[in-house]
Structures are given as C-alpha cells and as structure tokens.
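Below is one structure, written out as structure tokens, with a few remarks after it.
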C-alpha cells in the first residue's frame, strides 16, 4: 500500500539524482495527442477522451515511434 509519504519520498529521491536506482531510468518522455468528444472534429467518433502515444523515449532512447 502506498501512502502520500511514499510518493513524496519517491519524488524527493528522483530530484536528488537517485531516481534511476528506484525506477530503472532517469527520464521518460511521452508525446501524443488527446482525442474524443469536443476535441477538434473528433474524426474517430470517440465517446470518451483517449490519449494516443506517438513517441516514447526512455533515457533519450526511442522506444516507440509511429
């Protein structure tokens, strides 16, 4: 079970440069687009908002690129 204190410790550790030891990576970048009702023209006719990821990078290495 996680508590707010656990989250604070994780964030504090990541800021202090030890995040890679806990999470296994130093940085993650996700690039994508929200789609759904009320977002632009909703060409996919989605009822609920969804996020589609186009690019995922972990420690400056591209993992997914569409």
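The values are calculated or read from the model by the stated rules, or taken from the named source; none is laboratory data. In this text, all values refer to a predicted model and were calculated from it rather than measured experimentally. No Cβ is skipped: glycine too gets one built from the backbone with ideal geometry, and neighbour counts run over all protein chains shown.
Number of residues in segment 26-37 that are part of a loop (DSSP other than H, G, I, E, B) and surrounded by 12 or more Cβ atoms within 10 Å (Cβ to Cβ) equals 3.
Would it be correct to say that residue 17 is part of a loop (DSSP other than H, G, I, E, B), modelled with pLDDT under 90 and loosely packed, with under 10 Cβ neighbours inside 10 Å? Show your work before the answer.
Details: part of a loop (DSSP other than H, G, I, E, B): yes; modelled with pLDDT under 90: yes; loosely packed, with under 10 Cβ neighbours inside 10 Å: yes.
Criteria met by residue 17.
Restricting to segment 38-66, and then to whatever is without any contact (Cβ under 8 Å) to a residue 12 or more places away in the chain and in a strand (DSSP E or B), can you tell me which residue is farthest from residue 25 (Cα to Cα)? So the residue we want is 65.
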